[in-house]
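**Q** Sending over a structure as structure tokens; questions will come in a sec.
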Amino acid sequence: MGVKRRNFLGTVGATVGIAGLAGCSGTSNSGVTLGLLIPSSGSFSLTGQEVRRGAEMASKHLGGEIDGMDLGFIERDTGSEPDGALEGARELVREENVDAIIGPSSSASAQSVLPYIHDQAQVPILPTQASSVDARTGDNCTEYSFFIWPSNRHTAPVGVEFIYDLPGHIDRDFNPDEVHFVSPDYALGQNNQELVEEEMAAQGGEVTGSTLVPIGTQDLSSYLAEIQDSDADVVTGVLTPDMATRLINQAADFGLAEEKILMFNSGKPVDQLTQASVGETASGWFGTTFYDPTSDSEINQAFQDLYPSDSDLLPNTSCGSGFEPVRAVATAVEQTGSTDADDLTDELSGLEWDSIFGPAMFREGDGQIELNFTGAARDGTEFLSLEEYNNVIPENSC
């Protein structure tokens, strides 16, 4: 495992107590300090907002303490860029001496940070969104990484399986063997396309074409025309929250939901974050997701009750990706009675707990999450669960 982190960093950072978020500095020997490495600015700022909200909600759920120790957060803005994520991680470890890091929130940022965690920092890190397979293999494999968000190797196979299950739920003829792939043009989307192509081929189908949209594109009309002209009956892929909102709203002008089966394995068309922005416009869209907002589990009810009632948004997976890592670290601290990095790492490895996403487990060896998935649709504004896919976890690639 190398040098013990507490010895390696023993002289780094001030010892000033904290109880809040950004703007605070230092750590306390009697408290638990978690670093939030999130995109407060840039392309993924909405995700960063929700991750922060989820962490704050988890703190309230825990009463502001873990195992009798005050819980505090220190935040660093990645700017939605890999370089910003690496700089923020270094500051959180070297200057703030945090006990664990929650984030970052993109695959490219995770790939920038994880080698540093492995080679130098040696502190537990729980990325909130890093779905690209490349973020979890090779030099990015580290015993300190625990992924609350499923990878493309979770979502692509489940999404393709749901496409082939959809004829039993849709009262119209369509060919599931041919799909058109749509995604923002970035690492996660490109990786997801490769895996969807593999999964479709394994089923005897194919991806007949693709539409990759530059991140930040506002007017999607030319891309929607391209999608509409596709010979495929099914449109699939992955979407960011911002692009999902734009795509669903603008696709309505093209009547796309009447012409195509729209099923995204990122789950964004059925996600609560998207729903709050598009309302009934998402009716008739499909998605595979690991969060069922209609779950009556005790922890999901608590999560939904904690979500601010004055928000324009709804309780959602991005918020959950900030909520559940805090709860996981809290469980590890409570089980070990320690904030030592190696103790927490050992406890998080193989950890099982009841999450808002249902039963969850960090697999020993690679920190991948095992989760249940739902194939769902929007009917008006209602979330409809159509199929269940349980205990989904890909092979260990480390």
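The values are calculated or read from the model by the stated rules, or taken from the named source; none is laboratory data. In this text, all values refer to a predicted model and were calculated from it rather than measured experimentally. A quick note on method: Cβ atoms are made from the backbone with ideal geometry, for glycine too, and the neighbour counts reach across all protein chains shown.
**Q** For segment 356-377, what are the residues that are buried (at least 20 other Cβ atoms within 10 Å of the Cβ) and out of contact with any strand residue (DSSP E or B) (no Cβ under 7 Å at 6 or more places or on another chain)?
**A** Result: 356, 366, 368.
**Q** Now a separate question. When you go through (1) of a type in the set (Ser, Thr, Tyr); (2) out of contact with any Lys or Arg (no Cβ under 7 Å at 6 or more places or on another chain); (3) within 20 Å of residue 324 (Cβ to Cβ) one by one for residue 164, which number turns out not to apply?
**A** Result: residue 164 passes all but (3).
**Q** Sticking with this structure for a sec: Could you please find all residues in segment 166-175 being touching a strand residue (DSSP E or B) at 6+ places or on another chain (Cβ under 6 Å) and surrounded by 14 or more Cβ atoms within 10 Å (Cβ to Cβ)?
**A** Hit for segment 166-175 is 174, nothing else.
**Q** Scanning segment 214-240 for residues that are crowded, with 22+ Cβ neighbours inside 10 Å and within 25 Å of the chain's Cα centre (by Cα), which turns out nearest to residue 177 (Cα to Cα)?
**A** 234
**Q** I would also like to ask the following. Can you confirm whether segment 332-346 contains a residue that is buried (at least 21 other Cβ atoms within 10 Å of the Cβ), under 25 Å from residue 157 (Cα atoms) and of a type in the set (A, V, I, L, M)?
**A** Quick first cut of segment 332-346, residues buried (at least 21 other Cβ atoms within 10 Å of the Cβ) only: 332-333, 339, 341, 344-345.
Filter once more, so that each one left must be under 25 Å from residue 157 (Cα atoms): none.
Looking through segment 332-346, none of the residues is buried (at least 21 other Cβ atoms within 10 Å of the Cβ), under 25 Å from residue 157 (Cα atoms) and of a type in the set (A, V, I, L, M).
**Q** When you go through 106, 151, 131, 112 one by one, which is the residue that is buried (at least 20 other Cβ atoms within 10 Å of the Cβ), under 25 Å from residue 186 (Cα atoms) and touching an Asp or Glu at 6+ places or on another chain (Cβ under 8 Å)?
**A** So the residue among 106, 151, 131, 112 that is buried (at least 20 other Cβ atoms within 10 Å of the Cβ), under 25 Å from residue 186 (Cα atoms) and touching an Asp or Glu at 6+ places or on another chain (Cβ under 8 Å) is 112.
**Q** Moving on to the next point. Checking residue 139 against (1) in contact with a Leu (Cβ under 9 Å, 6 or more places away or on another chain); (2) within 25 Å of residue 376 (Cβ to Cβ); (3) free of Cβ contacts under 8 Å to residues at least 40 places away in the same chain, which single condition isn't satisfied?
**A** Residue 139 satisfies all of (1) in contact with a Leu (Cβ under 9 Å, 6 or more places away or on another chain); (2) within 25 Å of residue 376 (Cβ to Cβ); (3) free of Cβ contacts under 8 Å to residues at least 40 places away in the same chain except (2).
**Q** Among strands (runs of 3 or more DSSP E) lying entirely in segment 174-260, which contain 3 or more residues that are of a type in the set (A, V, I, L, M, F, W, C)? First the steps, then the outcome.
**A** Values: elements: 178-184, 206-213, 234-237.
Counting at least 3 such residues, we get 178-184, 206-213.
**Q** Still on this structure: List the strands (runs of 3 or more DSSP E) inside segment 280-398, counting only whole elements, that have at least 2 residues being touching a residue at least 24 places away in the same chain (Cβ under 8 Å) and over 17 Å from residue 148 (Cα atoms).
**A** The strands (runs of 3 or more DSSP E) meeting that bar are 286-289, 369-379, 382-392.
**Q** When you scan segment 152-170, do you find a residue that is more than 15 Å from the chain's Cα centre (by Cα) and assigned to a loop (DSSP other than H, G, I, E, B), even just one?
**A** Yes, there is a match, as at least one residue in segment 152-170 is more than 15 Å from the chain's Cα centre (by Cα) and assigned to a loop (DSSP other than H, G, I, E, B).
**Q** I'm trying to understand the selection: among the residues of segment 41-67, which are in a loop (DSSP other than H, G, I, E, B) and modelled with pLDDT of 95 or more?
**A** 41, 62, 63, 64, 67
**Q** Among the residues of segment 261-278, write down those that are in a helix (DSSP H, G or I) and either over 15 Å from residue 312 (Cβ atoms) or of a type in the set (Phe, Trp, Tyr) (or both).
**A** Once the filter is applied, which keeps residues that are in a helix (DSSP H, G or I) and either over 15 Å from residue 312 (Cβ atoms) or of a type in the set (Phe, Trp, Tyr) (or both), segment 261-278 yields 268, 269, 270.
**Q** Return the pair list, or none, for Cβ contacts closer than 8 Å from residues in segment 66-92 that are more than 12 Å from residue 38 (Cα to Cα) to residues that are β-branched (Val, Ile, Thr) and assigned to a helix (DSSP H, G or I), at least 6 apart or on different chains.
**A** 66/329; 66/333; 67/333; 69/333; 71/326
**Q** Among the residues of segment 75-95, are any modelled with pLDDT under 95, in the same structural domain as residue 302 (by TED's automatic domain parsing) and crowded, with 24+ Cβ neighbours inside 10 Å?
**A** No, there is no match, as no residue in segment 75-95 is modelled with pLDDT under 95, in the same structural domain as residue 302 (by TED's automatic domain parsing) and crowded, with 24+ Cβ neighbours inside 10 Å.
**Q** Something else about it: For segment 29-40, give me each residue that is more than 18 Å from residue 149 (Cα to Cα) and either modelled with pLDDT under 95 or part of a loop (DSSP other than H, G, I, E, B) (or both).
**A** 29, 30, 31, 40 - these are the residues of segment 29-40 that are more than 18 Å from residue 149 (Cα to Cα) and either modelled with pLDDT under 95 or part of a loop (DSSP other than H, G, I, E, B) (or both).
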